[in-house]
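The values are calculated or read from the model by the stated rules, or taken from the named source; none is laboratory data. Because the structure is a prediction, the values reported are computed rather than measured. Because the Cβ atoms are built from the backbone with ideal geometry, glycine has one as well, and the counts that use them run over all protein chains shown. The area values use the complete protein model at the heavy-atom level, side chains included, leaving out ligands, DNA and RNA. Shrake-Rupley method; radii C 1.70, N 1.55, O 1.52, S 1.80 Å.
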Amino acid sequence: MRVVIAGAGSVGRSIARELLDNEHEILLVDKHADEARVAKLPEASWLAGDACEISTLLEAGLADCDVVVAATGDDKVNLVVSLPAKTEFGVPRTVGRVNNPKNEWMFDESWGVDVAVSTPRIMTALVEEAVSVGDLVRIFEFQQGSATMVEITLPADNPYVGRRVGDITFPVDTVLTGIIRDARPIHPSVDDALEALDELLFLTTAEAEPQLAHMMSPRRGAAA
């Protein structure tokens, strides 16, 4: 997979390093790509230039890449990179870094962003996930299709403790994708029974979240 990353700061380089470890082809685009910066990740290809300029994107060969990651520390730049990547170059997948949560609403398909990654939101979700039992916590939001990943830690008094997964009817467009039990991941089968303090990971939709939260609440009462 060929990936072009706009922005070679600490975030961009960290992404590049992980992708390189997975044997992907990486091009870092940064107008400050001097010798010292390139030396921090010589395994990647580098292009010195302004990623907001169409000429730079042409030189980067966006038309031939699989993913563009807009990873600069400036939300305006990340949007300006994502839009032509999607509309002018037809990049299959664009990922935009959100630095200021107030700007999250702009990181959608209208600006060419397939997936918006908000570090503040992810950190908040991880804090909530660590301290919340019985509350639905949104971990991630996929821009296409309005799908979300949510987590709930099952309280001991939850009516579904002890029930088989196959005997539980979840809301429409909701899939139980994983169970974390005793710090180990479990791929849920219909025969697995839920236990108290299981961390349940769901793929669902924003519309189904309230129903799922009500269903899994310990205050719901006895299960039907």
Study note, to complete from the structure: In segment 143-155, residues that are at pLDDT 85 or above and either more than 18 Å from residue 118 (Cα to Cα) or open to solvent by 60 Å² or more (accessible area, probe 1.4 Å) (or both) total 3
Revision key, fill the gap. Flagged pairs (Cβ under 7 angstrom, 6 or more apart or on separate chains; first in segment 180-209, touching a residue at least 60 places away in the same chain (Cβ under 8 Å) and aliphatic (A, V, I, L, M); second assigned to a strand (DSSP E or B) and open to solvent by 50 Å² or more (accessible area, probe 1.4 Å)) are 201/149; 201/177
Review point. Restricting segment 165-192 to residues that are small (Gly, Ala, Ser) and open to solvent by 40 Å² or more (accessible area, probe 1.4 Å), which is modelled with the lowest pLDDT?
Key: 183
Exercise for review: Would you mind telling me which numbered condition in (1) at pLDDT below 80; (2) under 19 Å from residue 211 (Cβ atoms); (3) among the hydrophobic types (A, V, I, L, M, F, W, C) residue 131 fails?
Suggested key: (2)
Check your understanding: Does residue 64 fit the bill of being free of Cβ contacts under 8 Å to residues at least 60 places away in the same chain and of a type in the set (Asp, Glu)?
Key -> no
Point to revise | Among the candidates 63, 16, residue that is of a type outside the set (Lys, Arg) and out of contact with any Phe, Trp or Tyr (no Cβ under 8 Å at 6 or more places or on another chain) | key: 16
Exercise for review: List every residue pair whose Cβ atoms sit under 6 Å apart, with the two residues 6 or more apart in sequence or on different chains, where the first one lies in segment 2-22 and is more than 16 Å from residue 93 (Cβ to Cβ) and the second, anywhere, is open to solvent by less than 40 Å² (accessible area, probe 1.4 Å) and part of a helix (DSSP H, G or I).
Suggested key: none
Point to revise | Filter result (touching a strand residue (DSSP E or B) at 6+ places or on another chain (Cβ under 7 Å) and either over 21 Å from residue 140 (Cβ atoms) or among the acidic types (Asp, Glu) (or both)) within segment 193-214 | key: 193, 195, 197, 198, 199, 209
Review point. Residue check: is residue 118 at pLDDT below 85, among the hydroxyl-bearing types (Ser, Thr, Tyr) and closer than 20 Å to residue 216 by Cβ?
Key: no
